[in-house]
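Enquirer: Structure provided below as structure tokens; questions to follow.
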Amino acid sequence: MSSRIDATFARARAENRAVLVTYVMSGDPDPETSLDVLKALPGAGADILEFGLPFTDPMADGPAIQAAGLRALKAGQTVAGTLDLVRRFRAENDTTPIVLMGYYNPIHTYGVDRFLEDAVAAGIDGLIVVDLPPEEDSELCLPALAKGLAFIRLATPTTDARRLPAVLANTAGFVYYVSITGITGTATPDFGKVSEAVGRIRQHTDLPVVVGFGVKTGAHATAIAKGADGVVVGSALVDALVRSLDAEGRPQVGTVPAVAGLVRELAEGVRAASVERAA
């Protein structure tokens, strides 16, 4: 399944550019709207889609994504419902990679074997499960890899040279570098330090390195894309969505265009960096 991810990075390398990875929460503000948003992202310039699994205690996420998860849960979204939305997306798009991002508790409750079988059947390409460290690889990482799902690990500014090999050991698809010390959507990264960190990680792996947390604008995307293999944006897209809702939190005609419009700006920012990458 991760061949979609590999093919996406290969195309980007051929075009001398980074990829744009976009995150939205499954079921936010309701399942049908989140599917409409997901469908709109590739046409707006997203290369890889991260689809959030809503959870009540998202410890790595800032206020925007926490609120998105609560909206989704209130709207009745479940793991099974999320996989169904991916299945419906795949009926129209069989090329754009989809990575589920979330926490282990909902997967454990669903049942690991059942989850992996259903994820593969739905058309999932990879998993990011932020609260499972390498010491727990037997829980989900190794079974996922055996099913052909990429298990994507996070490296952070505090991941030192001693810890990095363990983080990378069973990572597949790409490495997700967290650009700030903290939670999502709360600070702007130091782009110089990010570039140095990406270079350090590349000394230990041939996998693409993508950078997320704190990227909000096209200019931010350009700065990151000059040195990384990919740029991840999540909280800014969730913010764009919530600003489009009415006073009761219901989607409006402009909800999907609001998210897609920001994705277009970010995609332009990523592509603007290709000139400097070629220099």
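Enquirer: With respect to Gly102, determine if the residue is without any contact (Cβ under 8 Å) to a residue 12 or more places away in the chain and under 17 Å from Phe55 (Cβ atoms). Don't jump to the end; show me each part of the working.
Expert: Values: without any contact (Cβ under 8 Å) to a residue 12 or more places away in the chain: no; under 17 Å from Phe55 (Cβ atoms): yes.
No, not satisfied.
Enquirer: Scanning segment 106-134 for residues that are at pLDDT below 95 and open to solvent by 30 Å² or more (accessible area, probe 1.4 Å), which turns out nearest to the chain's Cα centre (by Cα)?
Expert: Looking at residues that are at pLDDT below 95 and open to solvent by 30 Å² or more (accessible area, probe 1.4 Å), I get Val130.
Enquirer: Has segment 80-90 got at least one residue that is open to solvent by 10 Å² or more (accessible area, probe 1.4 Å) and either part of a loop (DSSP other than H, G, I, E, B) or touching a residue at least 60 places away in the same chain (Cβ under 8 Å) (or both)?
Expert: Looking through segment 80-90, none of the residues is open to solvent by 10 Å² or more (accessible area, probe 1.4 Å) and either part of a loop (DSSP other than H, G, I, E, B) or touching a residue at least 60 places away in the same chain (Cβ under 8 Å) (or both).
Enquirer: Would you check which residues across segment 1-45 are open to solvent by 10 Å² or more (accessible area, probe 1.4 Å), small (Gly, Ala, Ser) and touching a Gly at 6+ places or on another chain (Cβ under 7 Å) and list them?
Expert: If the condition is that a residue be open to solvent by 10 Å² or more (accessible area, probe 1.4 Å), small (Gly, Ala, Ser) and touching a Gly at 6+ places or on another chain (Cβ under 7 Å), then Ser2 is the only one that fits.
Enquirer: Quick check, is Ala247 assigned to a helix (DSSP H, G or I) and without any contact (Cβ under 8 Å) to a residue 40 or more places away in the chain?
Expert: Criteria not met by Ala247.
Enquirer: I need a count of the residues in segment 91-105 that are open to solvent by less than 40 Å² (accessible area, probe 1.4 Å) and either closer than 19 Å to Ile152 by Cβ or touching a Ser or Thr at 6+ places or on another chain (Cβ under 9 Å) (or both).
Expert: 9
Enquirer: Within segment 46-79, track down each residue that is open to solvent by less than 50 Å² (accessible area, probe 1.4 Å) and either free of Cβ contacts under 8 Å to residues at least 40 places away in the same chain or closer than 17 Å to Arg4 by Cβ (or both).
Expert: Hits for segment 46-79 are Ala46, Asp47, Ile48, Leu49, Glu50, Phe51, Val79.
Enquirer: Could you tell me whether any residue of segment 152-168 is among the hydrophobic types (A, V, I, L, M, F, W, C), open to solvent by less than 20 Å² (accessible area, probe 1.4 Å) and modelled with pLDDT of 95 or more?
Expert: Checked segment 152-168: at least one residue is among the hydrophobic types (A, V, I, L, M, F, W, C), open to solvent by less than 20 Å² (accessible area, probe 1.4 Å) and modelled with pLDDT of 95 or more.
Enquirer: Turning to a different aspect of this structure: Restricting to segment 148-166, and then to whatever is without any contact (Cβ under 8 Å) to a residue 40 or more places away in the chain and touching a Leu at 6+ places or on another chain (Cβ under 9 Å), can you tell me which residue is nearest to Ala121 (Cα to Cα)?
Expert: It comes out as Phe151.
Enquirer: Quick test for you: out of Leu132, Leu145, Leu116, Leu127, pick the one residue that is touching an Asp or Glu at 6+ places or on another chain (Cβ under 7 Å) and either touching a residue at least 24 places away in the same chain (Cβ under 8 Å) or closer than 15 Å to Thr171 by Cβ (or both).
Expert: Leu132
Enquirer: Can you tell me which residue is modelled with the highest pLDDT among those in segment 174-186 that are open to solvent by 30 Å² or more (accessible area, probe 1.4 Å) and among the polar types (S, T, N, Q)?
Expert: Thr181
Enquirer: Report the residue count in segment 220-278 for those that are open to solvent by 70 Å² or more (accessible area, probe 1.4 Å), at pLDDT 95 or above and either in contact with a Cys (Cβ under 8 Å, 6 or more places away or on another chain) or closer than 22 Å to Pro208 by Cβ (or both).
Expert: So the count comes out to 1.
Enquirer: Still on this structure, I have one more. Can you name every residue in segment 187-200 that is under 19 Å from the mean Cα position of the chain (by Cα) and modelled with pLDDT of 90 or more?
Expert: Matches in segment 187-200: Val198 only.
The values are calculated or read from the model by the stated rules, or taken from the named source; none is laboratory data. Predicted, not measured: the structure shown is a model, and the values here were computed from it. Positions of Cβ are generated from backbone atoms using ideal geometry, with glycine treated the same way; all protein chains shown enter the neighbour counts. Calculation scope for accessible area: heavy atoms of the full protein, side chains included, ligands and nucleic acids excluded. Shrake-Rupley method; radii C 1.70, N 1.55, O 1.52, S 1.80 Å.
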